[in-house]
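All remarks here apply to the structure that follows.
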Amino acid sequence: MSGRPAFGTAKNGQTFFPFEEPSPVREPHLFYAFLVEAPVNGMLRHRAEHYNQELGLRGWLTPIDQIHITLMGLGDGKQKRVVEIARHVGLLIQAAPFDVCFDRLSAFGGGALVFRSSNHSPALQAFWRKLSAVIADSPLQPFVTSSLEPHVTLLRDRRGVPKVREQIVEPMSWTVRSFALIRSYQGEYECPAIWQLTGQDDSLAGM
């Protein structure tokens, strides 16, 4: 049996010795995302605080400097060579800055309270599809662990969030100007690469 032993006394006076499982230590997690810049990240953090209180949650709020639009997960504990492949793939993505709008509050798996888009932000979806297509034709494809609808995680509360019903809320819009490869480990973020969106993207033209 693994874990750290603890003890207590039940209501009938009997002493018991349960085992408290240690919190798992996660390996560095690698993923693509749009980091949200100031002042929008501060506004999103304020929204998170508001929903946390309004919905009676006790959530862990995403730190302001870590608020992002999740694009694609590449798994835990990746070797340096995988990071280098991911950096190369990022260089292949050309896009111009575009606007996004999030107006739907939803509960995602793992107790995450997230912002989603009612109209799926067409330009954002086009970028996501392009990234997915480039990865599908690259050596990075076997490492993709999640390719969820792009969303912004506001907070996490495994007990409270699953009880939250999806709802339309006051929309928030901003312009995306860059995307990043992020390495997350023990609550800290580092960015092996950040790419500015400065080029014309044919898939977004005319939208």
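A quick yes/no check of all residues on (1) in a loop (DSSP other than H, G, I, E, B); (2) among the polar types (S, T, N, Q); (3) surrounded by 15 or more Cβ atoms within 10 Å (Cβ to Cβ); (4) in contact with a helix residue (DSSP H, G or I) (Cβ under 8 Å, 6 or more places away or on another chain):
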{"residue": "L105", "(1), (2), (3), (4)": "no, no, yes, yes"}
{"residue": "F115", "(1), (2), (3), (4)": "no, no, yes, yes"}
{"residue": "N119", "(1), (2), (3), (4)": "yes, yes, no, no"}
{"residue": "A126", "(1), (2), (3), (4)": "no, no, yes, no"}
{"residue": "V134", "(1), (2), (3), (4)": "no, no, yes, yes"}
{"residue": "V152", "(1), (2), (3), (4)": "no, no, yes, yes"}
{"residue": "P171", "(1), (2), (3), (4)": "no, no, no, no"}
{"residue": "I182", "(1), (2), (3), (4)": "no, no, yes, no"}
{"residue": "P192", "(1), (2), (3), (4)": "no, no, yes, yes"}
* Any idea how many residues of region 136-150 are assigned to a helix (DSSP H, G or I) and free of Cβ contacts under 8 Å to residues at least 60 places away in the same chain? -> 3
* Structure fact -> Listed by first then second residue, the pairs whose first member lies in region 21-36 and is at pLDDT below 95, whose partner is among the polar types (S, T, N, Q) and not in a strand (DSSP E or B), with beta carbons under 8 Å and at least 6 positions apart or on separate chains, are E21/S2; P22/S2; V25/Q186; R26/Q186
* Of the residues that make up region 81-103, is at least one over 30 Å from P139 (Cα atoms), touching a Lys or Arg at 6+ places or on another chain (Cβ under 9 Å) and surrounded by fewer than 18 Cβ atoms within 10 Å (Cβ to Cβ)? -> yes
* Structure fact -> All-but-one check, Q186 against (1) touching a strand residue (DSSP E or B) at 6+ places or on another chain (Cβ under 7 Å); (2) at pLDDT below 95; (3) within 19 Å of H29 (Cβ to Cβ), failing number (1)
* To do: Kindly indicate the residue of region 154-169 that is crowded, with 19+ Cβ neighbours inside 10 Å and of a type in the set (A, V, I, L, M) and also nearest to H88 (Cα to Cα) among those meeting that condition.
  => L154
* Structure fact -> Restricted to region 68-92 and to residues being in a helix (DSSP H, G or I) and basic (K, R), the residue nearest to S146 (Cα to Cα) is R87
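The values are calculated or read from the model by the stated rules, or taken from the named source; none is laboratory data. None of these values were measured; they are calculated from a predicted model. FYI the Cβ positions are ideal-geometry reconstructions off the backbone, even for glycines, and counts take in every protein chain you see.
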